[in-house]
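The values are calculated or read from the model by the stated rules, or taken from the named source; none is laboratory data. In this text, all values refer to a predicted model and were calculated from it rather than measured experimentally. FYI the Cβ positions are ideal-geometry reconstructions off the backbone, even for glycines, and counts take in every protein chain you see. Protein only, heavy atoms only, side chains kept; ligands, DNA and RNA dropped before computing areas. Shrake-Rupley method; radii C 1.70, N 1.55, O 1.52, S 1.80 Å.
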Amino acid sequence: QQIQEEMNKQLFDNLVSFLRRSHSEFQEKATEWTCRMKSREIPTAALVLGVNVTDHDLTFKSLSEILQNNITPYVALLQAKDCPGIKNLMQKLMGQLMNCYVDADSSDEEDCAQVSPNRIRCSMTSLISWYENITKKTDSETPNRKRTSSRHLQSPPVVVIFKDMESFTTKVLQDFIVISSQHIHELPLILIFGIATSPMIIHSLLPHSISSLLCIELFQSLSCKEHLSTIIDKLLLTTQFAFKLGEKVLQVLINIFLYHDFSVQNFIKGFQLCIVEHFYSQPLSVLCCQLSEAKKRVNSLSHSQCENIRRLPSFRRYVESQESEKQIALLTSDNFLKEAVQKLLEDLHVYHENYLPVLRCLHVFTSSLPKYPLGKQIRELHCACLESRVWETEDYESSLQLARMLNKSDLVTMLQKCVEIFVSSSGKDFDKVVEKLKDFLAQFQKLEGACQEQGESISSQKELQKKTDLYHLQKSLLELKESRRSKKLTKFEVLRFEVVDFIDSLVKNYLVPADHQTLHELVYFSRAGALREHLNAAPRVALHTALNNPGCYLKHQALRSDGGSLSNKAPDVCIVYKLHLECGRLINLVDWLEAFATVVTAAEGPSGDAAVSDQVDDVIHARFIRAVSELELLGFIKASKQKTDHVARLTWGGC
């Protein structure tokens, strides 16, 4: 929430400024002809939020709170599903503003004062009368009495927010705009259109005669991809929180975001699910906390928890790398184990402190290249580093080759950014790194007569930018490599190679994959399969399980099926479903009914009374018809045109 407030702060500030400016223009009593021409225009803010519709609710909620705290207490949020007609829209609008029941069907012409306080007529006239009364009451307060909010404007405007403009019908919008424009001189109304697609939707929904009644100003929020990058940067790429996501888990969440809904809120829900799953399934998650607290908790570990630590794959690798005497102590002495775990947790914390600054420094270089072999976003680089030794990949080698062709100004800018990153980091091993980077900067400043080399580098980089396909890019790299072999390197080129080699050494020292660290299982959640089971819906499998084995969901022992047997205690639709699995493409309804009756009456004794037997048959027949109808509603069968007493089966294969 804090991150979203920070990201939307500029947008909300611009909206507040727009509302203040629009309201001040309304209060000015000018008589010029241009002002008279604009007197019917409604100030309108077109707020483009993007296609991540599930994130809009939180944005509008924050916007409504800001407007109520700073501009006006009269803010109404309308949704298309609640406003199928103009009467319903006015009802919702007046209900939110007046906080009372409004009769949308009232057609009498009584004055608002003559109607019951809890039941008033739904019209723009009633709204204007209410607004005049409420503002007069506020203005008539005694000077010694405090106002409800000193931050509100005098005669505050009425702000109407259409949360999903694309979903509103054209007629509803047109009628409301026309009615509002006719009373804009009496009621200071301001509209805010929430748009998910494009601002052109306004002109698609509204003809020119209607849109000309609006004084529209466009406001654009940050894209959902930028929002996600900020979330990952502030939540995952930080040492503030001990909990981390493994590479496969992070990739699952990012893929769901990119290929399904672009919803940051759903990404956060997935992140929360990972936290719950980790602390529920990992017995040693008690140590997933800040370093100082984790050290205290290590001393209180029980013998069984110590045994769980000894079973961790990373700890077993650590034990195998130790001397025989230390191995025996780690496997037999709990006290010695606790001391070693404290040291290993401290090493893991230091690893994270060193990993993040080097990752950001590498991202400064890779994101400035003409091509993006390792990805443009830092999340892509982070996933590559978590997956394997990034310096052993072809993309990394390509990035180094491109970095060795950067010009002087780009290199100096990157080095300055890296110095800022390392100086502001909490890592304790970067003093010498900062000194070395500053030394490189000083050498670049001392270089003279490198204009020609720099020009060659710029031209080579521009040439690389022109080559759009991989074949020509590799060909250009090989040609440049061969040309450098045949001539002596200049001082600038030697220094450039030294800078790239130094960054390469930092990557090899500090960007080791997390699963190579001892006790990484305590803080990293890597069960991507469990996450997919929760997030990737499989409705067909769930439906088959529910119908084939109802005891799985109903938690009733008598309903659990052994070896595919049928129980007469199961719901009718489950019995019918199991019987239909044994049939072919066409199912005879008579045979199906007889089989159903046999299963249902299997545990019942023979009845001697024919009337009672007929009554039972009627009941069973009705139950069968209802079950078959439910199965047809679920999409497993359909009526057959070939035979009237048969139905066609629609699903095949196992789940």
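Structure above, values below:
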| item | result |
| --- | --- |
| Length gained when the stretch GLU226-GLN445 is fully extended (0.36 nm per residue, less Cα-Cα span) | 75.3 nm |
| Taking region 299-404 and dividing mean pair separation by its residue count, relative contact order in percent (alpha carbons under 8 Å, at least six apart) | 16 |
| Label-point gap, in nm, between HIS303 and ASN255 - each point 7 angstrom along Cα→Cβ | 4.5 |
| Proximal charge balance of GLU277 [Cβ under 15 Å; K/R count +1, D/E count -1] | +3 |
| Two-site label geometry, LEU634 and GLN2: point separation in nm, points 7 Å out along Cα→Cβ | 4.9 |
| Near-label residues of region 235-270 by backbone N, under 15 Å of a point 7 Å along Cα→Cβ of THR54 | 252-270 |
| Region 238-343: chymotrypsin sites (Phe, Trp or Tyr not before Pro) in DSSP loop, at most 14 other beta carbons within 10 Å | PHE241 |
| Around ARG585: net Lys/Arg minus Asp/Glu count, Cβ-Cβ under 12 Å | +3 |
| Förster radius 35 Å - calculated FRET efficiency between LEU236 and LEU489, Cβ distance, rounded to 0.05 | 0.30 |
| Eligible lysines near LYS296 by straight Cα distance, threshold 17 Å, same-chain separation 8 or greater | LYS338, LYS343 |
| ILE42 long-range amide H proximity, modeled H, under 5 Å | LEU214, CYS215 |
| Over region 252-367 - Rg/Rh using Cα atoms and the Kirkwood inverse-distance radius | 1.08 |
| Full-extension gain in nm, LYS9 to LYS81, via 0.36 nm per residue minus C-alpha separation | 23.0 nm |
| Neighbourhood charge, 14 Å Cβ-Cβ cut-off, centred on TYR396 and excluding it, Lys, Arg +1 and Asp, Glu -1 | -4 |
| Using distinct alpha-carbon pairs, which all enter the 1/r mean, Kirkwood radius of region 333-419 in Å | 14.8 |
| Sequence-distant residues sharing a close amide H with THR601 (under 5 Å, placed H) | none |
| Region 361-376 residues near the modelled SER424 label - backbone nitrogen below 14 Å, point 7 Å along Cα→Cβ | 361, 364 |
| Accessible-area value, SER198, 1.4 Å probe, nucleic acids and ligands omitted, Å² | 50 |
| Ranked order, LYS248, LYS436, LYS491, LYS638 - accessible area, probe 1.4 Å, largest first | LYS491, LYS248, LYS638, LYS436 |
| 3J(HN,Hα) from dihedral phi, region 637-651, Karplus parametrisation 6.51/-1.76/1.60, rounded to Hz, x for glycine, proline | 9, 8, 5, 9, 7, 6, 9, 6, 9, 10, 10, 9, 7, 10, 10 |
| Reciprocal mean inverse distance between Cα atoms of region 242-312 - Kirkwood radius, Å | 14.0 |
| Note, ³J(HN,Hα) from phi for region 275-280, Karplus 6.51, -1.76, 1.60, rounded to Hz, x at Gly and Pro | 4, 4, 5, 5, 6, 7 |
| Kirkwood hydrodynamic radius (C-alpha pairs) into Stokes-Einstein, region 182-340, 25 °C and 0.890 mPa s, D in µm²/s | 116 |
| Region 304-408: GluC sites (Glu not before Pro) falling in loop per DSSP and having at most 15 other Cβ within 10 Å | GLU323 |
| Separation between Cα centres of region 501-518 and region 395-438, rounded to whole Å | 15 |
| Pairwise label distance in nanometres, VAL276 with VAL178, each label 7 Å out on the Cα-Cβ vector | 5.0 |
